[in-house]
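Student: What follows is a structure written as structure tokens; I'll ask about it next.
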Amino acid sequence: MYDFAYHKPTTVADAVKILSADSDARPISGGQTLLPALKHRLNKPTSVVDLSGIAELRGIKRDGNKVVIGAMTRHADVASSAEVKAAIPALAQLASTIGDNQVRNRGTIGGSVSNNDPAADYPSAVLALNATIVTSKRRIAADDFFQGMFTTALDAGELLVAVEFPIPEKAGYAKMKNPASRYVMAGAFVAKTGGQVRVAINGAAPCVFRQAEMEAALTASWSPAAVAGVVQPADDMNSDIHGSAEYRAHLVTVMAKRAVAAAG
Amino acid sequence: MNAPVVFEGIGASPKRKEDLRFLSGRGNYTDDINRPDQTYAVMLRSPHAHAAIRGIDTAAAAAMPGVVAIYTGAEMVVGSLPCGWLIHNKDGSPMNEPGHPPLAQGKVRHVGDIVAVVIAETRPQARDAAEAIAVDYEVLGAATSMAAALAPGAPLLHEGAPGNVCYDWHIGDLAVNQAAFAQAKHVVHFELVNNRLIPNAMEPRAAIGDYDRTTDQHTLYTTSQNPHVIRLLMGAFVLQIPEHKLRVVAPDVGGGFGSKIFHYAEEAIVTWAAARINRPIKWTADRTESFMSDAHGRDHVTKAKLALAADGKFLGLHVSTTANMGAYLSTFATSVPTYLSATLLAGVYTTPTIYAEVKAVFTNTVPVDAYRGAGRPEATFLLERLVDIAAKQTGIDKLELRRRNFIPADAFPYQTPVALQYDSGDYQSTLAQALKTADWDGFEARRKAAAAQGKLRGIGISTYIEACGIAPSAVAGALGARAGLYEVGAIRVHPTGSVSVLTGTHSHGQGHETTLAQLVTDRFGIPLSQVDIVHGDTDRVPFGMGTYGSRSLAVGGSAMVKAMDKIVLKARRIAAHLMEASVDDVEFDRGTFRVAGTDKTKAWGEIALTAYVPHNYPIEEIEPGLDETAFYDPKNFTYPGGCHICEVEIDPDTGAIEVINFTAVDDVGRVINPMIVEGQVQGGIAQGIGQALLETCSYDADGQLLSGSFMDYTMPRADDVGTLSVATHETLCTHNPLGVKGCGEVGAIGSPPAVINAVVDALRDYGVTHVEMPATPAKLWHIINSGRQLAAE
């Protein structure tokens, strides 16, 4: 990796100050994406701002009809959290399937959501559960947050602080893994919250997206059979050496069906 | 009080002696070695698959902090990296053998080809400077696939290889073969691709060049399976350094699988440059470099046809293969599709005539060479798929068809029509044992139960043979090998009776430090803790040809037996003197010398001590010391074989495939350490399942490596492999003193066709006769989906 300056602030305000002053500074949370990029010299930040010293970014709490998860909360902590398991078991289950043990013990929800890797797990839960992204300066609705491949609504110098998940009546997640990387090849997170159905698809396209036809079908009838007949067009699906767009489009329907079955 | 004596000899499974250091992170790998005043090298590699180098500007890089030296092909003009096996064309002319300069000379021929070496005080400094080198490339058209390389007007890689052809070789009598096909009742046609693999040993390659100006002594520390071979190839052919001035050390090596047999450019570069700068130089590959510079494996495209009589007897086999050599000839690349593959096409069957032809092709890809199994997996995959397809086409049960064509157990030695003579085997027995273990007869019920759950279940079988311990030297030489294929064992009995074994084989995961020591324990009757195996250093071990082709025990172990024979003979003479008996009357059995029929004995330790403290000693007749060396040149290959059965389940909704269980019954000859054999076979099967279901090297049409990291190259993980049941059934090798055959490659050779036969069986309702490897979920779903569409139409 190239040389960079290293900062370890203890407050969000201090972190934002450093990041705002230098557009080539990069925050690092669990480092599961940034560190490999640094090692391969694919990224050349002037400084790296380590968020691990900021206590206020850590932790899970139940707040009325919401579960609030701090940005620096690790996947392993979400997967094993009694609060999350009781309130949104599908979210705990999702977290338990991210990467491997090493990744889950380093990677954080804030890092994953901010990075918006098309093949990441969390963005589908954020979108399907209609979560709110709390940042260092504002609140952003999930529908406005994910803007494209590795692109979000976050401004330069703006830090993701927490994710607020409304507690759904039902939710389920299913995914097919890429055989090599074991990232998501196609995944579906389905949720019914306050009577509203949302279906978010990850892995299959350049950015997580809502599947409106499936939402309508599940609103009419919450059952795996309801989505089984919905054909996802292949036009905007990813295609690579691991799977064609046609295959991924097919998997979208299969995973949606399985997600509904898992949600019960 | 004496501790209870635990048997640690042949047939026991003591824990591996080497594991204390490996499992506690105390191994001594090449990158762990640091020499005083050491510098670091970074290789600047070509980003293009094919380009002319118009100029290299190193001025800015040379001025950067810490840079010691930068060399390009302009400075490093040395011998070519040699190819160790000369193949002749059908017309008797020698193959095209273009040179392989360690640093590119005016042209690069694959992504990863080395353009310059940067040497600096630290590795990051070297890397920074490498990025500052400006290379003026004129990008040329690339021929990535064999089809592209053989097409009219294809870009030409080497002036000396018109049409990008290395050789066009054949074996067998074509007229006899054609006559067999003329009489056939059935002819089965088949085409397949044997997918290209990237070895991915856990330890990346590394090399340290060191030079002592006062003695003109060069030392190379390297991640090699055969340090003496590297000394010979690099010393004699590339750098012209005589053996007594060149030491090659291959310390602990973290996996090879064939990829560390070969002499690589980086070894020559650091050795050459260390003498120029008069400082040690370390180079360690990162994983990205491993993907683009370790020799790849397999990559054959084959057309075959099998002639059968009405009763299913095989009458003849005809095979045409094109084999990818990559951009340059790696050390043993040329032998893999020819003498290590076509000669195995008889398999376990009595096919009377076989004709095989192989066209070897240059492409703008990483060189291809031996990888676990080396040619034998390709032959086995072809045969065992072909037999299954023939069974389907003739309507004869696939087990019955195999049984009808097996070489009978009483037909050995058996001369095949493709040069090899098998010494022993019992294919009906390994088949019967595997069928029973796998509960073959209960499969139909399991298939129905799976179908009730919406899953497609299939079972597949492979009955295979392979050839290990390539030999004898004279025969290999007549076929084009440019090296001997013997092995060396030197046994040093120390004055107190403990033993050091200097072996020319090399252990890089196989457990030689345990298995080879067990041979000594078994023979001399001393505890395993009293025996050390020394390997991997040309200054300590007299000579050797290294480890590949499952040869270490069959060839290296046999050399040790010969050396132990000499030691026992000498020790008996010493014992006879001490006991005042005739040497013919002195018996030796596991540590005790006894005058036959008496209670007069001498212990091992007494004789050893006497040999080194020769006070009461027949000094006029016997030299002091107990130290013997033997070279062993085998009379023949060894022929492990057996039966593999795989059961898979496919989810038709996603194409996801699961190996439910895998049964192997292998005849590896006499088993020295059953635990180590089981581990070797398990590892081989994991690699075979990897080839069949997961792994493939992908290049795009421009020669960029698409599967250039673990994000895109699917290595098998524990949960991909399923439950393995591994057993052995011994028939002894008849021509080596241990009766051993070798177990390192059987898993990787026997398993891929068993897996794919199971996949095709699972897809029996979808109209497929073959699925190319790897059978990925996406590929299987497309087959199932189009099968459904066919059914719907």
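The values are calculated or read from the model by the stated rules, or taken from the named source; none is laboratory data. Note that the structure is a prediction, hence the values are computed from the model and not measured. Note that each Cβ is placed from the backbone with ideal geometry, even for glycine, and that neighbours are counted across all protein chains shown.
Student: Collect the residues in region B:233-242 that are more than 20 Å from the chain's Cα centre (by Cα) and not polar (S, T, N, Q), keeping them in residue-number order. Quick ask: steps written out before the conclusion?
Tutor: Within region B:233-242, the subset more than 20 Å from the chain's Cα centre (by Cα) is B:234-242.
Correct list: B:234, B:235, B:236, B:237, B:238, B:239, B:241, B:242.
Student: Only one of B:770, B:729 is more than 27 Å from residue A:250 (Cα to Cα) and either at pLDDT below 95 or touching a helix residue (DSSP H, G or I) at 6+ places or on another chain (Cβ under 9 Å) (or both). Can you tell me which?
Tutor: On the way: B:770 fails: more than 27 Å from residue A:250 (Cα to Cα).
Just a single option satisfies the conditions, and that option is B:729.
Student: When you scan region B:756-773, how many residues do you find that are in contact (Cβ under 8 Å) with a residue 60 or more places away in the chain and within 19 Å of residue B:301 (Cα to Cα)?
Tutor: Residues that pass the stated criteria total 6.
Student: Report, by residue number, each residue of region B:293-318 that is in contact with a Leu (Cβ under 6 Å, 6 or more places away or on another chain) and either at positive phi or assigned to a helix (DSSP H, G or I) (or both).
Tutor: Answer for region B:293-318, where residues must be in contact with a Leu (Cβ under 6 Å, 6 or more places away or on another chain) and either at positive phi or assigned to a helix (DSSP H, G or I) (or both): B:298, B:312.
Student: Counting only residues that are in contact with a His (Cβ under 9 Å, 6 or more places away or on another chain) and at pLDDT 95 or above, give me the strands (runs of 3 or more DSSP E) lying completely in region B:531-606 with at least 1 of them.
Tutor: Working: elements: B:531-534, B:586-589, B:592-595, B:601-603.
Ranges flagged: B:531-534.
Student: Right, something else. Any idea which of B:360, B:370, B:356, B:379 is in a loop (DSSP other than H, G, I, E, B) and either charged (D, E, K, R) or surrounded by 24 or more Cβ atoms within 10 Å (Cβ to Cβ) (or both)?
Tutor: Working: B:360 fails: in a loop (DSSP other than H, G, I, E, B); B:356 fails: in a loop (DSSP other than H, G, I, E, B); B:379 fails: in a loop (DSSP other than H, G, I, E, B).
The unique qualifying residue is B:370.
Student: A further question follows. In region A:60-79, what residues are surrounded by 15 or more Cβ atoms within 10 Å (Cβ to Cβ) and not in a strand (DSSP E or B)?
Tutor: Those that are surrounded by 15 or more Cβ atoms within 10 Å (Cβ to Cβ) and not in a strand (DSSP E or B): A:71, A:72, A:73, A:75, A:76, A:77, A:78, A:79.
Student: Of all strands (runs of 3 or more DSSP E) completely enclosed by region B:618-671, which ones contain at least 3 residues that are within 14 Å of chain A (Cβ to nearest Cβ)?
Tutor: Details: elements: B:627-632, B:641-650, B:657-667.
Correct list: B:657-667.
Here's the yes/no breakdown for (1) of a type outside the set (Val, Ile, Thr); (2) more than 22 Å from residue B:748 (Cα to Cα); (3) in contact with a Ser or Thr (Cβ under 8 Å, 6 or more places away or on another chain); (4) not assigned by TED's automatic domain parsing to the domain that holds residue B:766:
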| residue | (1), (2), (3), (4) |
| --- | --- |
| B:377 | yes, no, no, no |
| B:383 | yes, no, no, no |
| B:403 | yes, yes, no, no |
| B:406 | yes, no, yes, no |
| B:417 | yes, yes, yes, no |
| B:434 | yes, no, yes, no |
| B:438 | yes, no, yes, no |
| B:462 | yes, no, yes, no |
| B:480 | yes, yes, yes, yes |
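Student: Tell me, yes or no, whether region B:72-84 has at least one residue that is in contact with a strand residue (DSSP E or B) (Cβ under 6 Å, 6 or more places away or on another chain), hydrophobic (A, V, I, L, M, F, W, C) and buried (at least 17 other Cβ atoms within 10 Å of the Cβ). If you could, list the steps in order and put the result at the bottom.
Tutor: Taking region B:72-84 as the starting set, the residues that turn out to be in contact with a strand residue (DSSP E or B) (Cβ under 6 Å, 6 or more places away or on another chain) are B:72.
Cutting the leftovers down to hydrophobic (A, V, I, L, M, F, W, C) gives us none.
Checked region B:72-84: no residue is in contact with a strand residue (DSSP E or B) (Cβ under 6 Å, 6 or more places away or on another chain), hydrophobic (A, V, I, L, M, F, W, C) and buried (at least 17 other Cβ atoms within 10 Å of the Cβ).
Student: Something else: Looking at region B:674-717 only, could you name the residues that are of a type in the set (D, E, K, R) and either part of a helix (DSSP H, G or I) or within 14 Å of another protein chain (Cβ to nearest Cβ) (or both)?
Tutor: Initially, region B:674-717 is screened for residues of a type in the set (D, E, K, R), giving B:678, B:695, B:700, B:702, B:712, B:717.
Within region B:674-717, B:678, B:695, B:700, B:712, B:717 qualify.
Student: Do we find a residue being in contact with an Asp or Glu (Cβ under 9 Å, 6 or more places away or on another chain), hydroxyl-bearing (Ser, Thr, Tyr), surrounded by 19 or more Cβ atoms within 10 Å (Cβ to Cβ) and over 21 Å from residue B:761 (Cα atoms) anywhere in region B:625-635?
Tutor: Yes: one or more hits.
Student: Next question. Return yes or no: is residue A:202 within 14 Å of another protein chain (Cβ to nearest Cβ), polar (S, T, N, Q) and either buried (at least 23 other Cβ atoms within 10 Å of the Cβ) or touching a residue at least 24 places away in the same chain (Cβ under 8 Å) (or both)? So that I can check it myself, show each step before the final result.
Tutor: Details: within 14 Å of another protein chain (Cβ to nearest Cβ): no; polar (S, T, N, Q): yes; either buried (at least 23 other Cβ atoms within 10 Å of the Cβ) or touching a residue at least 24 places away in the same chain (Cβ under 8 Å) (or both): yes.
No, not satisfied.
Student: Of all residues in region B:745-786 being within 14 Å of chain A (Cβ to nearest Cβ) and of a type in the set (Val, Ile, Thr), which is farthest from the chain's Cα centre (by Cα)?
Tutor: Only one residue tops the list, namely B:784.
Student: Can you go through B:287, B:247 and tell me which one is farther than 29 Å from residue B:163 by Cα, within 14 Å of chain A (Cβ to nearest Cβ) and either crowded, with 24+ Cβ neighbours inside 10 Å or touching a residue at least 12 places away in the same chain (Cβ under 8 Å) (or both)?
Tutor: Details: B:247 fails: within 14 Å of chain A (Cβ to nearest Cβ).
Criteria check complete, one pass: B:287.
Student: For residue A:260, indicate whether it is assigned to a helix (DSSP H, G or I), under 21 Å from residue A:90 (Cβ atoms), within 13 Å of chain B (Cβ to nearest Cβ) and in contact (Cβ under 8 Å) with a residue 24 or more places away in the chain. Can you show your working first?
Tutor: Details: assigned to a helix (DSSP H, G or I): yes; under 21 Å from residue A:90 (Cβ atoms): yes; within 13 Å of chain B (Cβ to nearest Cβ): no; in contact (Cβ under 8 Å) with a residue 24 or more places away in the chain: yes.
Against the criterion (assigned to a helix (DSSP H, G or I), under 21 Å from residue A:90 (Cβ atoms), within 13 Å of chain B (Cβ to nearest Cβ) and in contact (Cβ under 8 Å) with a residue 24 or more places away in the chain), residue A:260 does not qualify.
Student: With over 15 Å from residue B:348 (Cα atoms), surrounded by 17 or more Cβ atoms within 10 Å (Cβ to Cβ) and of a type outside the set (A, V, I, L, M) as the only criterion, which of B:442, B:425, B:458 stands out?
Tutor: Numbers: B:442 fails: surrounded by 17 or more Cβ atoms within 10 Å (Cβ to Cβ); B:425 fails: over 15 Å from residue B:348 (Cα atoms).
Residue meeting the stated conditions: B:458.
Student: Name the residue, out of B:271, B:219, that is within 30 Å of residue B:364 (Cβ to Cβ), crowded, with 19+ Cβ neighbours inside 10 Å and of a type in the set (Val, Ile, Thr). Break it down stepwise before answering.
Tutor: Details: B:219 fails: within 30 Å of residue B:364 (Cβ to Cβ).
B:271 is the lone residue from the list that is within 30 Å of residue B:364 (Cβ to Cβ), crowded, with 19+ Cβ neighbours inside 10 Å and of a type in the set (Val, Ile, Thr).
Student: Go through (1) modelled with pLDDT of 95 or more; (2) within 30 Å of residue B:130 (Cα to Cα) for residue A:89 and report which single condition fails.
Tutor: Among (1) modelled with pLDDT of 95 or more; (2) within 30 Å of residue B:130 (Cα to Cα), residue A:89 violates only (2).
Student: Sticking with this one: Which residues, counting only those in region A:131-145, are under 15 Å from residue A:156 (Cα atoms) and either among the aromatic types (Phe, Trp, Tyr) or within 11 Å of the chain's Cα centre (by Cα) (or both)?
Tutor: Once the filter is applied, which keeps residues that are under 15 Å from residue A:156 (Cα atoms) and either among the aromatic types (Phe, Trp, Tyr) or within 11 Å of the chain's Cα centre (by Cα) (or both), region A:131-145 yields only A:145.
Student: Provide a single number: the residues in region A:148-199 that are in a loop (DSSP other than H, G, I, E, B), of a type in the set (A, V, I, L, M) and within 13 Å of chain B (Cβ to nearest Cβ).
Tutor: Filtering region A:148-199 for residues in a loop (DSSP other than H, G, I, E, B) gives A:149-150, A:153-159, A:167-169, A:178-183, A:194-195.
Restricting the remaining residues to those that are of a type in the set (A, V, I, L, M) gives A:149, A:153-154, A:156, A:159, A:167, A:180.
In the following step, the residues that additionally are within 13 Å of chain B (Cβ to nearest Cβ) were identified as A:180.
So the count comes out to 1.
Student: Would you tally the residues in region A:233-264 being farther than 30 Å from residue B:699 by Cα and buried (at least 18 other Cβ atoms within 10 Å of the Cβ)?
Tutor: Step one: list which residues in region A:233-264 are farther than 30 Å from residue B:699 by Cα, which gives A:253-264.
Okay, now just the ones that are also buried (at least 18 other Cβ atoms within 10 Å of the Cβ), so A:253-260, A:262-263.
Total meeting the criteria: 10.
Student: Checking the condition crowded, with 24+ Cβ neighbours inside 10 Å, in contact with a Pro (Cβ under 9 Å, 6 or more places away or on another chain) and not assigned by TED's automatic domain parsing to the domain that holds residue B:50, which residue from B:316, B:256 passes? Explain how you work it out, then say what you get.
Tutor: Working: B:256 fails: not assigned by TED's automatic domain parsing to the domain that holds residue B:50.
Checking each option against the conditions leaves just B:316.
Student: Still on this structure, please answer the following. Which numbered condition trips up residue B:720, out of (1) more than 27 Å from residue B:363 (Cβ to Cβ); (2) among the charged types (D, E, K, R); (3) surrounded by fewer than 19 Cβ atoms within 10 Å (Cβ to Cβ); (4) away from chain A (no Cβ under 12 Å)?
Tutor: Unmet for residue B:720, out of (1) more than 27 Å from residue B:363 (Cβ to Cβ); (2) among the charged types (D, E, K, R); (3) surrounded by fewer than 19 Cβ atoms within 10 Å (Cβ to Cβ); (4) away from chain A (no Cβ under 12 Å): (4).
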